[in-house]
Amino acid sequence: MKVLFATYPMAFHTPGGGEIQLLAYRRHLPAHGVDVTLFDPWNPRFLEHDVVHFFSCVGGSVHFCNFVKQLGLPLVVSSSLWVTEETKHLYPIGEIHHQFSLADRVVANSEIECETLARIFDLPREKFVSVLNGVEESFYEPVAPELFRSELRIEDRFVLNVGNIEPRKNQLALIRAMKSFPDLKLVLIGHQRDPQYAQACFAEGGDQLIYAGTLAHDSPLLRSAYAACEAFVLPSTLETPGLAALEAHAAGARIAVTKVGSTEEYFARHVAYLDPQDVESVARSIGEALAQPRAGTLDTARDLTWQAVLSPLKDLYDSLLTK
């Protein structure tokens, strides 16, 4: 089976969880008998593929999806979207509804996300399929915390946040919450997706904040950072559920994470939850996380490696070829 992967043109300018997910799918699907090609606008090769899988609902994506359906090809869309009745006014709902209507299936990362999207867009529930986010096996392998500390010359105990620096990731609230922990540093790792917001974060964080720049996703330094931190905190305004949080937990870090999105479906009672709109709640969750023992695996009954979680996606592709 041959599947063509595509996304919006600017996606890899500041890659985040959605882009990591796309590349993980590409890396691990061949073991399930799926040959993945990344879309090349100079050599599209649409008709050489059995299925087209488009990642994201960013504005303008509907035009690509419409073209795919005009060619008569099965279309899968990964939504990467958490929207509610209270927040739907922030999105081009009509355009996204059109994109979802064109898709043969929409892939979300949790059952609650599928239920929510079906309700908000008034589309059949069976159109939406849950494929869990996964973790590379390497994140379960121990790495010395001294590696990151030595590279960044960090001797202090620190709280860690990994993610693009932008309002949705809510680092500014985390920086303000960290003022309740003056003996700890805050380390940020990630692209400055919103440079103005990043500068506001750096100014507010002052000497307590250490910006470590970006790290390759497969870098041992990233795994070492998870091992070295006192707690990993993801105070985003929403997460589905946040790849960095999954990876940090796999690496054994204590976790405080937003309660908005699908985080509870993944983490259950294993982490501290926070209200991203309330700085006091963020601070309280950090304290709760610091009081926890270091984690083990998310759930010994569930295998959340990419290799394991992608079986439903292969089944989904197969079902579209038998229609």
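Between R27 and D303, the FRET efficiency estimated from the beta carbon spacing at R0 = 22 angstrom works out to 0.85.
Which value, in nm² and rounded to one decimal, describes the direction-averaged projected area of the C-alpha convex hull of region 137-290?
On the way: hull surface 31.5 nm².
The number I arrive at for region 137-290 is 7.9 nm².
The label point for F202 and the one for R294, both projected 7 Å from the Cα toward the Cβ, are 3.2 nm apart.
Neighbour counts of C-beta atoms inside 10 Å place M10, M1 in the sequence M10, M1, starting with the fewest. The string of couplings for region 40-49 from the Karplus curve (6.51, -1.76, 1.60, θ = phi - 60°) is 10, x, 7, 8, x, 6, 3, 6, 8, 10 Hz, one whole number per residue in order, with x for Gly and Pro.
Would you calculate the convex hull of the Cα atoms in the chain and tell me its volume per residue in Å³?
Details: hull volume 43.0 nm³, N = 323.
It comes to 133 Å³ per residue, whole-number rounded.
Distance between the modelled labels on R269 and D218, one decimal in nanometres: 3.9 nm (7 Å Cα→Cβ projection).
Are any of the pairs K2/K69; K69/K127; K2/K259; K88/K185; K88/K127; K127/K314 more than 26 Å apart by Cα-Cα distance, and if so, which?
Working: K2/K69 17 Å; K69/K127 16 Å; K2/K259 37 Å; K88/K185 36 Å; K88/K127 20 Å; K127/K314 16 Å.
Violating the 26 Å Cα-Cα cut-off are K2/K259; K88/K185.
At a Förster radius of 41 Å, what calculated FRET efficiency corresponds to the Cβ-Cβ distance of E155 and H13, to the nearest 0.05? Numbers along the way, then the final one.
Numbers: r = 34 Å, r/R0 = 0.84.
Calculated transfer efficiency: 0.75.
Extension gain, W42-S138: 0.36 nm per intervening residue step, less the Cα-Cα distance, totals 31.1 nm. With a Förster radius of 30 Å applied to the beta-carbon distance between M1 and N66, the computed FRET efficiency rounds to 0.80.
Using the average count of surrounding beta-carbon atoms within 10 Å as a protection proxy, the listed peptides 145-156, 126-137 rank, highest first, as 126-137, 145-156. Per-residue packing, averaged as other Cβ atoms within 10 Å, sorts the ranges 192-198, 252-258 into the order 252-258, 192-198, beginning with the highest. Assigning unit charges at the beta carbon (Lys, Arg +1; Asp, Glu -1) and nothing else, what dipole magnitude in debye, to the nearest 20, does region 182-323 show about its Cα centre? It works out to roughly 300 debye. Remark on Q192: its backbone amide H falls under 5 Å from those of I165, a criterion applied only to residues 5 or more positions apart or on other chains, H modelled at 1.01 Å from N.
Note on region 219-291 and region 23-61: Cα centroid distance 31 Å, given to the nearest whole angstrom.
Coordinate-derived values only; no laboratory data. Every value quoted in this text rests on a predicted model; they were computed, and no experiment measured them. Because the Cβ atoms are built from the backbone with ideal geometry, glycine has one as well, and the counts that use them run over all protein chains shown.
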